[in-house]
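To start, the structure itself, in structure tokens.
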Amino acid sequence: MATCKNSENLLQLKEVLRRFPLVPVHGIPLMEPIAQQWARIENFEARPDDLIISTYPKGGTTWMQEIVDLILVGGDTEKARRAPTQVRIPFLEICVPPPLPSGVDKLVNAPSPRVMKTHLPFQLLPKSFLEKNCKIIYVARNAKDNLVSYFFFDQMHLMQPDPGPWDGYVKKFMSGTVPWGSWYDHVRRYWDERENHRILYLFYEDMKEDLAREIRRVKDFLEVDLPEDIIQKIAHHTSFQVMKDNPMANYDSVPSIIFDRTKSSFMRKGEVGDWKNYFTVAQKEAFDADYLLKMEGTTLHFRDVL
Ligand code: PPS
């Protein structure tokens, strides 16, 4: 995703943009342009002070990006408005057709310390991150709300595969045939790996419950000292409504040939439990039975999930 500064770029882009098919990369379905550029992503050279914000898509990425950026600029909200989210914290694996730069293009020459976003499942992270022992912040969101958010996003995002009708989408999500693969494997694997690597594992639902508390956890992980009034300021600035109204944090800069805002807005609802407005009783029962099987044996538990 990127900003398009001039109409020439937009015209060029319009010609090559389409809903890309999914291509398996080491068994994980990724959008075709990412698969085509896979070698560059896989061989990405990490630096020890790189910070990675990792999530399954729609898990709370943008929210965490805004929080991290604000912590790193000491709560200076003006500084955090210096550029849109995707410029301040590039998306590692994203590949869009030229003339837009890929995530790797943006990151290779970026000054340290770099902060980046990824949706890659743990096993697809470039090995260099683990060799350099980079810090990773992982945010997980309960499966049903994550699914609903993804369903609306796939409608609006004109490079992602068409989600199709709701009932079929629920099945696609359950089988992991959506971009970046299985939610279940994604959240479980990072959970297991948090004991072996520098991973701070957070939950969207905890952030909704007490944002200041979770911001304190992030700043401790980043080893940044911040007084309580700045933490409160960051919590205010990263509340749903304030971010929704902030053009540097709400993806307003992405052109409508990529984000069709007649279908949904990026900052859609930002709620816990919105799934109850979409799942039928039959869908919920089938989903829950399958969930229990897929999540069997893990100590990872989400609140209000069943
Ligand atoms: S992406 O495209 O994967 O980077 O999307 P991501 O940022 O992970 O997820 C978008 C959802 O997160 C919600 N969001 C927030 N919720 C609460 N508070 C804040 N501040 C906030 N910022 C983003 C956003 O609204 C999407 O969720 P839904 O349920 O669709 O509204």
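The values are calculated or read from the model by the stated rules, or taken from the named source; none is laboratory data. The structure displayed is predicted, hence computed values, not measured ones. Virtual Cβ from ideal backbone geometry, glycine too; neighbours counted across all protein chains shown. The accessibility values were calculated without ligands, DNA or RNA, using every heavy atom of the protein model including side chains. Shrake-Rupley method; radii C 1.70, N 1.55, O 1.52, S 1.80 Å.
Carbon and sulfur together cover what percent of the accessible area of the stretch 251-306 at a 1.4 Å probe radius? Of all accessible area on the stretch 251-306, carbon and sulfur atoms account for 56 percent. Averaging 1/r over each pair of different alpha-carbon atoms in the stretch 79-187 and inverting the result gives 15.9 Å, the Kirkwood hydrodynamic radius.
Under a 5 Å amide H cut-off, with hydrogens placed 1.01 Å from N, TYR201 pairs with TYR138 among residues at least 5 apart or on other chains.
Across the chain, C-alpha contacts under 8 Å between residues 6 or more apart give a mean separation that, scaled by the residue count, equals a relative contact order of 25 percent. Here the label points at GLU285 and THR299, each 7 Å from Cα along the C-beta direction, are separated by 3.5 nm in the simple model. Between ARG18 and ASN109, the contour length at 0.36 nm per residue exceeds the alpha carbon distance by 29.9 nm. Dividing the convex hull volume of the alpha carbon atoms of the stretch 1-110 by its residue count gives 124 Å³ per residue.
Heavy-atom surface analysis with a 1.4 Å probe gives the stretch 22-104 a carbon and sulfur content of 55 percent of its accessible area.
Sequentially through the stretch 238-252, phi angles give Karplus couplings (6.51, -1.76, 1.60; θ = phi - 60°) of 9, 5, 3, 5, 5, 5, 4, 8, 9, x, 8, 10, 10, 6, 4 Hz, Gly and Pro residues having no value and appearing as x.
Over the chain, accessible surface divided per residue gives 42 Å², non-protein components excluded, 1.4 Å probe. The figure for GLU78 is an accessible area of roughly 130 square angstrom, using a 1.4 Å probe on the protein chains alone.
The three principal axes of the C-alpha atoms in the stretch 173-256 carry coordinate ranges of 43, 41, 21 Å, sorted with the longest axis first.
Start at zero, step by 20 Å, and the Cα-Cα distances of the chain spread as 33, 62, 5 percent across the bins. Counting only residues at least eight positions apart within a chain, or on another chain, the aspartates and glutamates with an alpha carbon under 15 Å from that of LYS106 are GLU45, ASP50, GLU93. Sorted on the mean count of surrounding Cβ atoms within 10 Å across their residues, most packed first, peptides 252-259, 67-74 read 67-74, 252-259.
Rounded to the nearest 5, what % of the DSSP beta bridges within the stretch 1-120 are antiparallel ones? In the stretch 1-120, DSSP labels about 45 percent of beta bridges as antiparallel. Dividing the helix sum by the residues of the chain, where each DSSP H run of 4 or more adds -39500 (n - 2.57), gives a mean residue ellipticity at 222 nm of -11500 deg cm²/dmol.
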